[in-house]
Number of protein chains: 2
Amino acid sequence: MTHLSPLRATLQDQPLRPIIPAILCGGSGSRLWPVSRKDFAKQHVPILGGASPFQRTLQRLGGGIFAAPIVVSSAASEFLVADQAAEVGAAIEIALEPEGRDTLAAVTLAACLAARRDPSAIVLVMPSDHLIPDVAAFEAAARAAARLASEGRIVVLGIAPTEPSTAYGYIAPGAPLGTGAYVVDRFIEKPEAARAAELIDAGCLWNAGMFCFRADAGLREIEAHAPQAILAVQRAIDEADGEPGALRLGESFAAAPRISFDHAVMERTTRAAVLAPGFAWSDIGDWKAVWAESRRDGRGVATEGRVFARDVANSYLRSDGRLLCALGVDGLAIVDTADAVLVAPIERAQEIKGLVAELEAAGHGEARSPARVHRPWGWFQTMDRGERFRVKRIVVLPGKRFSLQKHHHRAEHWVVVRGTAEVVRDDEVLLLRENESVYLPLGCVHRLSNPGRIPVEIVEVQTGAYLEEDDIVRFEDDYGRV
Amino acid sequence: MTHLSPLRATLQDQPLRPIIPAILCGGSGSRLWPVSRKDFAKQHVPILGGASPFQRTLQRLGGGIFAAPIVVSSAASEFLVADQAAEVGAAIEIALEPEGRDTLAAVTLAACLAARRDPSAIVLVMPSDHLIPDVAAFEAAARAAARLASEGRIVVLGIAPTEPSTAYGYIAPGAPLGTGAYVVDRFIEKPEAARAAELIDAGCLWNAGMFCFRADAGLREIEAHAPQAILAVQRAIDEADGEPGALRLGESFAAAPRISFDHAVMERTTRAAVLAPGFAWSDIGDWKAVWAESRRDGRGVATEGRVFARDVANSYLRSDGRLLCALGVDGLAIVDTADAVLVAPIERAQEIKGLVAELEAAGHGEARSPARVHRPWGWFQTMDRGERFRVKRIVVLPGKRFSLQKHHHRAEHWVVVRGTAEVVRDDEVLLLRENESVYLPLGCVHRLSNPGRIPVEIVEVQTGAYLEEDDIVRFEDDYGRV
């Protein structure tokens, strides 16, 4: 890069190198249960209809100032991340954590990968599940953050508080650094409500977990304040395998300290700056936030799906299919999904997280797993279940296939209702078109592939005395599950 | 019958001829939506778990003092009535109204059929959907009513009010006729709440639609006060067809005046007597009543099915399958079914009827039809539906069969998951056992029969561009639907 004299051009005019977004895909979003589940978390669920928050995040990064994002996710979500990115046509680099180690490890990982591209690259760290509708304002903030970062600052993007929330940490700005930018005076942990109001009066901002730094500067700060994280992550990268663009980190990742980037670095570095970007923002963190972001009628009622409301006020009513009828209620969140229904006061939306923990402790599988189960090849959902049978709807994506498998306790009937499937059954290979079916007797070795260009959809009828997912012997698998 | 001298035995000791119960199966119970639907009404739904109210009514009539009940029902419910009676082993005589004409026509019909058995038979008219847990107390009341009836009285069984309800008419007792029996002073229409309280203070009873009379005496009173009803019903009986024990009335039934037995006869006859039977009673008329009849915890919460409640009070929570979670609500009825969910304050339970009318006006099929559709041969339920396919679970009762049929727009795959089915497919006859399947191409003439002793259960996968129930050509049918 040409060095521009301060006399010839201000920093504002300096051309910026592309910004590498680092999207952190951790978090379970259990406050948005039952739509969000640990095994299919908020960032991947179409919470606000249409695209998922992760997909909206990718779409926000479509402008020319951004390079291909680095997405840090759990190994279990690899195919979900890849498929959702492909759906919106986004090219991404995926880094898969063998286990979640909080944000320090994730940010370190992103910084290391960015530095491999270019040590002086600008990294913009962001969660995958936040809503920022104004893309232009977001891009302007990203530019401003990048300018500060290019000066060696470790920048945190602050959010202008809209209420004395107890759900976020706060940032106290110090000396000004330019338009809307300040040295960070200090970080304040999630406060009580009264304290939150005082902080807001004092001009503090919310900490929404968005950071910006030059890769080399960020790594220097991490090195200085949390050297173990760098060591663990670099070892895990050396041990990594995976396909191009999807790095599966090695076991050394587990040696990274389980701590947030805020605690480990931001609160300790002398280079912290805060930018008040001024875009509208929501972390759509609970049903109250979803309600607030939804279109509401004159009585404060937001609906999604098939809802019939009569004499209802200040409520969020959502159905994923069934007809949801509410009469004479006020201030409720009612959320209906294929296998679970929630009814709770919208003002107690923050308590859903605890409820889900209780559900899980009580052994309810719905706490963690959604009705629709995502697999590397697509998804399945149990639509009916009897004493000795189970009916699934199964979708296999183009070019994908099951493992080569057999079952000890069940026979299966497959009826193709959309697309064309190639079926291996012992020594046969069959091509099944729409409206054709095949019988897979107990014990036969079988596999379904989708050789076509559109998804294959089948109805599977299983019969047998034992119909759980663990009755499967895999002989060969494209996704390493043998 | 021997005439007993009043000097030798009091009326109390007189042996009674068997009482013929007349069970009126009309009514849609729309206040108990979404569990009760017009096409599968309250009396046939296991509202309180286990047996349906109709079945509980039959079970209450198992004592030796009762003859085989006459069940007056709609033609559409014939097989449901017969199947539910068979399930509890009750022998009944069914009389099917071509259309509902209120209770005068139904009571007249029952009186005519009872008189065919024996003109001096005692008829005990009762709704099919009331709850009377104490069978001994009910039998004692039936005996007492029969004694009054044998003296020529037209008896109404009064219910001791438990609250100033506005949902029932009231009966003012007059001069005493013996233990707990009185001449009826007058009938009072459903009152306002304040008036209801006054009526209760004045010793009035609820009118629950239970009557008792000698068949000939009842017919004489109907003749005197509503002769058109007798004419219409007798003509409809002359025109009737149907199987033994299931009389399908002719079209003349429509000429019966649409009026209640109360208005047409009870309020006019000079022979009206009221008996205060003193048994606990509920018409389980809305969700509040169901809640009141259910076992509740210390905070007033009654649950049915898979329910997880935390910090909930005074509520009725019911799930027919899904996991229903409620947090922090008070005084709600939450009712979840396969295709519809209701959330409403329990104190506004009476308004559900109006809500259902609105749903129907808005074109929501769930207002009227349940997910599980009953047919003469059993039932089916749609379990999954896609753009060009539909999956049903179908149960065919022993000895029953579909019509011989074909479809213009869909092919079907049948997988037998329980029992043994005989399948006709054009010129073939196939015997399908558990775990066997058959393909029925578009346009083929087919039929499924259950030749066995247990129900046949199949999963049907339909494929095609048009998948509604009206794509059916019937060539032959056991149930008169050709």
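Seen from all sides and averaged, what is the projected area of the convex hull of the Cα atoms in chain B, in nm²?
Its average projected convex-hull area is 25.8 nm².
Using 5 Å bins from zero, what percent of all Cα-Cα pairs in the stretch B:199-339 falls into each bin?
Per 5 Å bin, starting at zero, the Cα-Cα P(r) for the stretch B:199-339 comes out as 2, 8, 12, 12, 10, 9, 9, 11, 11, 10, 6, 2, 0 percent.
At A:Arg268, with labels set 7 Å past Cα in the Cβ direction, how many nm apart are the copies from this one, shortest first?
So the label point of A:Arg268 gives 9.7 nm to the other copies.
From the backbone phi of the stretch B:65-77, what are the Karplus-calculated ³J(HN,Hα) couplings (6.51 cos²θ - 1.76 cosθ + 1.60, θ = phi - 60°) in whole Hz, Gly and Pro given as x?
Running phi through 6.51 cos²θ - 1.76 cosθ + 1.60 with θ = phi - 60° gives 7, 10, 7, 4, x, 9, 10, 9, 9, 7, 4, 5, 9 Hz.
Taking just the alpha-carbon atoms of the stretch B:352-464, what radius of gyration and Dmax come out, in angstrom?
In order Rg, Dmax, the Cα atoms of the stretch B:352-464 give 16.0, 52 Å.
Counting pairs of alpha carbon atoms under 8 Å apart in space and at least six apart in sequence, what relative contact order in percent does the stretch B:242-385 give?
Relative contact order for the stretch B:242-385 comes out at 12 percent.
Give the lysines whose C-alpha is closer than 23 Å to that of B:Lys353, dropping any in the same chain fewer than 8 places away, or say none.
B:Lys38, B:Lys42, B:Lys190, B:Lys288
How high is the relative contact order of the stretch B:223-325, in percent, counting Cα pairs under 8 Å that sit 6 or more residues apart? Don't jump to the answer; show the numbers that get you there.
Details: 110 pairs, mean separation 16.0, N = 103.
RCO, the stretch B:223-325: 16 percent.
Could you work out the mean projected area of the convex hull around the alpha carbons of the stretch B:59-218, in square nanometres to one decimal?
Computing the convex hull of the Cα atoms and averaging its projections yields 10.0 nm².
For the protein assembly as shown, what does -39500 (n - 2.57) per DSSP helix run (n ≥ 4), summed and divided by total residues, give at 222 nm, in deg cm²/dmol to the nearest 500?
It comes out at -6000 deg cm²/dmol, rounded to the nearest 500.
Could you check what % of the DSSP bridge pairs in chain A are antiparallel, to the nearest 5?
Around 70 percent of the beta bridges assigned by DSSP in chain A are antiparallel ones.
Over the Cα atoms, compute the radius of gyration (one decimal) and Dmax (the largest Cα-Cα distance, rounded to a whole number) for the protein assembly as shown, in Å.
So, for the protein assembly as shown, Rg and Dmax equal 35.6, 131 Å respectively.
Computed over the Cα atoms of the stretch B:108-197, what is the convex hull's projected area averaged over all directions, in nm²? Display every interim value, and only then the final one.
Working: hull surface 28.6 nm².
Orientation-averaged projected area of the Cα hull: 7.2 nm².
Can you list the copy-to-copy distances for B:Glu198, using a point 7 angstrom from Cα toward Cβ, in nanometres, shortest first?
In nanometres, ordered from closest: 6.3.
Amide H neighbours of A:Asp384 under 5 Å, at least 5 residues apart or on other chains, H built in the peptide plane: list them.
A:Val391
Tell me which residues come under 5 Å, amide H to amide H, from B:Ala273 once H is placed; ignore anything under 5 positions away on its chain.
B:Ile154, B:Val155, B:Val156, B:Val184
Rg and Dmax in Å for the stretch B:279-361, alpha carbons only: what are they?
Final numbers for Rg and Dmax: 12.8, 40 Å.
Hey, what did chain A get for relative contact order, percent, Cα under 8 Å, at least 6 apart? Provide the component values of the computation, followed by the final result.
Numbers: 1089 pairs, mean separation 64.7, N = 482.
Value for chain A: 13 percent.
Got the A:Ala175 label distances to the other copies yet, label 7 Å along Cα→Cβ, in nm, shortest first?
Values, ascending and in nm: 10.9.
Ranking B:Leu96, B:Leu448 by Cβ neighbours within 10 Å, fewest first, what do you get?
B:Leu96, B:Leu448
Mind sorting B:Glu460, A:Glu422 by how few other Cβ atoms lie within 10 Å of their own Cβ, fewest first?
Going from least to most buried by this count: A:Glu422, B:Glu460.
Which order do the peptides A:20-26, A:174-180, B:464-470 take when ranked by the mean count of other beta-carbon atoms within 10 Å per residue, highest first? Could you put the intermediate results ahead of the total?
On the way: A:20-26: 24.7, A:174-180: 12.6, B:464-470: 11.0.
Highest-to-lowest ranking by the protection proxy: A:20-26, A:174-180, B:464-470.
Can you list the lysines whose alpha carbon sits under 19 Å from that of B:Lys406, skipping same-chain ones fewer than 8 residues off?
B:Lys392
For the stretch A:371-381, just list the computed ³J(HN,Hα) in residue order, Karplus coefficients 6.51, -1.76 and 1.60, θ = phi - 60°, integers in Hz, with x standing in for Gly and Pro.
For the stretch A:371-381, the Karplus curve yields 4, 8, 9, 8, 10, x, 8, x, 7, 9, 9 Hz.
Check A:Leu131: other-chain or 5+ apart residues with amide H under 5 Å from its amide H, H built from backbone geometry?
A:Ser282, A:Asp283, A:Ile284
Read phi for every residue in the stretch A:229-244 and hand back ³J(HN,Hα) as whole Hz from Karplus 6.51 cos²θ - 1.76 cosθ + 1.60, θ = phi - 60°, with x for Gly and Pro.
Whole-Hz 3J(HN,Hα) from phi for the stretch A:229-244: 5, 4, 4, 4, 5, 5, 4, 4, 5, 4, 7, 5, 10, x, 7, x.
Need the C-alpha centroid separation for the stretch B:360-382 versus the stretch A:234-301, integer Å.
Distance between centres, Cα-based: 47 Å.
Provide Rg over Rh for the stretch B:259-307; use the alpha carbon set for both Rg and the Kirkwood Rh (inverse mean inverse pair distance).
With Rg and the Kirkwood Rh in hand, the quotient comes to 1.25.
Fewest first, what order do B:Arg248, B:Arg116, A:Arg318, B:Arg310 take by the number of other Cβ atoms within 10 Å?
B:Arg116, B:Arg310, B:Arg248, A:Arg318
Quick note: the coordinates plus some simple rules give every number you see, no bench work behind them. Since we're looking at a predicted model, the values are computed, not measured. All Cβ positions, even for glycine, are placed from backbone atoms using ideal geometry, and neighbour counts span all protein chains on display.
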